[in-house]
Every structure is written in structure tokens, then in C-alpha cells.
């Protein structure tokens, strides 16, 4: 590991800690040349699928895009940033466990919707309106009706 300050590759590990979910190790290091400390993170390289977009383009999976979409849907709702990260992590974990090389973006949206519905119904409808690409107000009203019916059960 190269020191970010002096670029020497000689260092020692001072402290190692495993993340809460056990998927990452945080290491505190000290450079043997300049004596400065820095932090590194070690995680298993997971084979995430390539995402096939609606226009047939292919791009690498990017968890940040899921978080960005969730933040837009959840905007001004009483949902914490920690919850957004948790949802994105759950989706990423599901995709990793699938073991597929390619996946349509629509399939990713389909995995997000039920998780979001459990967290916040308004955010769910906002996300669904974009993901399902409602063509008119009737489709939107139909989705709202489904949410209301499920709530009454």
C-alpha cells in the first residue's frame, strides 16, 4: 500500500476493524517513512452484473445511481439517509447473489419497489411513476388505488 503523503510503500497496520455487516475491513496504517497515518478499506471484489439500459446501452452496475434515485423519490419525506443506504445495500446484495452477468435496469427497479413500499408509500408512488413510466393520470390513479387497498388490509 502506498502512503498517500510520501508515496513510499512501507507501512505498518496499527488497527483493523470489521464493518458491522462483515463485508469490509477498515485498516489504520502508519507510514514507516514519514510517520503519518492513513486509513484503507478492504472488501471482497464482487462480480456485479452489467446493467442493460432501456435504450440497449450497457454500463457497469453503480450503487450510487440507486441511492440517487432513492433520494429523489424520498425527497422531503421522513426517511433517513441511513435507510436509503440500507435499501441500496440490500438491492446490491440481492444482485450479487443472483450471479448473473447482465441484468436489465427494469429488473433492478422491480427489486427496489417492494423495499421502498415498506419504507414509505409516498416515496414508493413517486419511484413507481418514473420506473413504470405512467402514460396518463389513469395509470397513476390505478397505482394509488392499489396502495390504498393494500393499506386497508
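The values are calculated or read from the model by the stated rules, or taken from the named source; none is laboratory data. Please read these numbers as outputs of a predicted model, since none were measured by experiment. Every residue, glycine among them, receives a Cβ derived from its backbone with ideal geometry; neighbour counts consider all protein chains shown.
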### Query
Which of the residues belonging to the stretch 41-70 are exposed (fewer than 14 other Cβ atoms within 10 Å of the Cβ) and under 21 Å from residue 129 (Cβ atoms)?
53, 54, 55, 68
### Query
When you go through (1) surrounded by 13 or more Cβ atoms within 10 Å (Cβ to Cβ); (2) within 15 Å of the chain's Cα centre (by Cα) one by one for residue 26, which number turns out not to apply?
(2)
### Message
I'd like to check something: does the stretch 35-44 contain any residue that is touching a strand residue (DSSP E or B) at 6+ places or on another chain (Cβ under 6 Å) and part of a loop (DSSP other than H, G, I, E, B)?
### Response
no
### Task
May I ask you to verify whether residue 93 is free of Cβ contacts under 8 Å to residues at least 40 places away in the same chain, more than 21 Å from residue 126 (Cβ to Cβ) and under 12 Å from the mean Cα position of the chain (by Cα)?
yes
### Task
Note down all Cβ pairs under 8 Å where the first residue falls in the stretch 117-128 and is assigned by TED's automatic domain parsing to the domain that holds residue 145 and in contact (Cβ under 8 Å) with a residue 24 or more places away in the chain, the second is surrounded by 17 or more Cβ atoms within 10 Å (Cβ to Cβ) and part of a loop (DSSP other than H, G, I, E, B), and they're at least six residues apart or on different chains.
119/79; 120/79; 123/79
### Query
If residue 30 passes every condition in (1) in the same structural domain as residue 114 (by TED's automatic domain parsing); (2) part of a strand (DSSP E or B) but one, which one does it miss?
(1)
